[in-house]
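Here's the structure, in structure tokens; my notes come after.
The values are calculated or read from the model by the stated rules, or taken from the named source; none is laboratory data. Because the structure is predicted, anything quoted here is derived from the model rather than measured. Glycine also receives a Cβ, built like all others from the backbone with ideal geometry; neighbour counts cover every protein chain displayed. What goes into the accessible areas is simple: the full protein's heavy atoms, side chains included, and nothing from ligands, DNA or RNA. Shrake-Rupley method; radii C 1.70, N 1.55, O 1.52, S 1.80 Å.
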Amino acid sequence: MNWLQILNNTFAQILAPATLGYALAAIGLSVHFGFAGLLNMGVAGFMAIGAYGFAVSILTFGLPWPIAVLIGLFGAVLFAIVMGIPTLRLRGDYLAIVTIAAAEVLRLLFLTSSNRSWSGSADGLSGFQRDFRASNPLPPGRWGFGPWTYQSDQWWVIIVGTITIAIAVLVVWLLMRSPWGRVIRGIREDEDAVRSLGKNVFAFKMQALIVGGVIIAAGGIVTAMGTNVNPNVYVTSQTFFVWTALLLGGAATIFGPVLGAVLFWMVRAFLSNLLPALVQAGWLPFMSAEQSQMLVFVLVGVALMLLVIFRPQGILGSKKELTFVR
């Protein structure tokens, strides 16, 4: 086995656009679940809204990429409002049901052939990054060191994604230190007690859903900047992967979602490279290389179950902060 290649591919995931996008999605989900106690199981829907809002605005309407970003984020606001109005007055499990169903309906909407003219149907959308890449101030070429050697366009995505993560972390940190953040934490623990103090619990929940949804949509946009947009990406498993990253780092923490996303993609990349190599070396004779890739998802699912059972607070979290999960 080529251990150098396996480790090189693993550490390269630290700065991959998918890792940056998942980090943003996990930060937004942390606002929903970690701080507000909202069970959002439609993370893939918010990411799809951001990515398609960004791509369609450029390809169909010819808008410049900064405006397209704003449209993708505004689409997440509308999506949060549409889902939140009928559900936020109900118990949390109803929100989970609605969000996972809404995300799937949205995916099927993008997938249907009748919308091929603007959504690309099953083929997805491509070529919308030209304007974004044209704004790249970096000189063309390939540079870096070790596993972090990329083309100029890839570095531009990494820079934009890293800056966006820094802004999202700062915004969440400031919000959670504010009176608004203290109300949100109170709603997570006991919304009846907060309501008895005269606070509009529904309004605060809606605000949290919108703030987190916008950050998740930003993750979808950053991911789209580095690759094409395809409806088959925004499936339920993507939501579970973001949940895994969040729980791994710590749900009610500021930096935990970022750490969790990085570790999740490194572990997934390590297993995706290691298991086929073991098959090729004859150490796993009972399966093929394709089956070994399916085993990666099995191991991720088992890891998620063990994580929730034995350390639900995550790496950076504390048991005191997440007593409500029990």
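Below are the figures for this structure:
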{"item": "Filter result for Arg91 (basic (Lys, Arg) and at pLDDT below 90)", "result": "yes"}
{"item": "Any chance Pro64 is without any contact (Cβ under 8 Å) to a residue 40 or more places away in the chain and open to solvent by 20 Å² or more (accessible area, probe 1.4 Å)", "result": "no"}
{"item": "Matching residues, region 122-157, being open to solvent by 50 Å² or more (accessible area, probe 1.4 Å), of a type in the set (Gly, Ala, Ser) and under 13 Å from Leu15 (Cβ atoms)", "result": "Gly146"}
{"item": "For Ala51: the one exception among (1) assigned to a helix (DSSP H, G or I); (2) open to solvent by 20 Å² or more (accessible area, probe 1.4 Å); (3) not β-branched (Val, Ile, Thr)", "result": "(2)"}
{"item": "Condition broken by Ser114, with the remaining ones in (1) in contact with a Lys or Arg (Cβ under 8 Å, 6 or more places away or on another chain); (2) open to solvent by 50 Å² or more (accessible area, probe 1.4 Å); (3) of a type in the set (Gly, Ala, Ser) satisfied", "result": "(1)"}
{"item": "Some residue of region 25-43 being over 15 Å from Trp243 (Cβ atoms) and open to solvent by 20 Å² or more (accessible area, probe 1.4 Å)", "result": "no"}
{"item": "Qualifying residue in region 4-17 (condition: of a type in the set (Val, Ile, Thr), at pLDDT 95 or above and assigned to a helix (DSSP H, G or I))", "result": "no"}
{"item": "Check on Leu70, out of contact with any Asp or Glu (no Cβ under 7 Å at 6 or more places or on another chain), open to solvent by 50 Å² or more (accessible area, probe 1.4 Å) and modelled with pLDDT of 95 or more", "result": "yes"}
{"item": "The one condition in (1) in contact (Cβ under 8 Å) with a residue 40 or more places away in the chain; (2) surrounded by fewer than 17 Cβ atoms within 10 Å (Cβ to Cβ); (3) closer than 18 Å to Gly220 by Cβ; (4) aliphatic (A, V, I, L, M) that Ala102 fails to fulfil", "result": "(2)"}
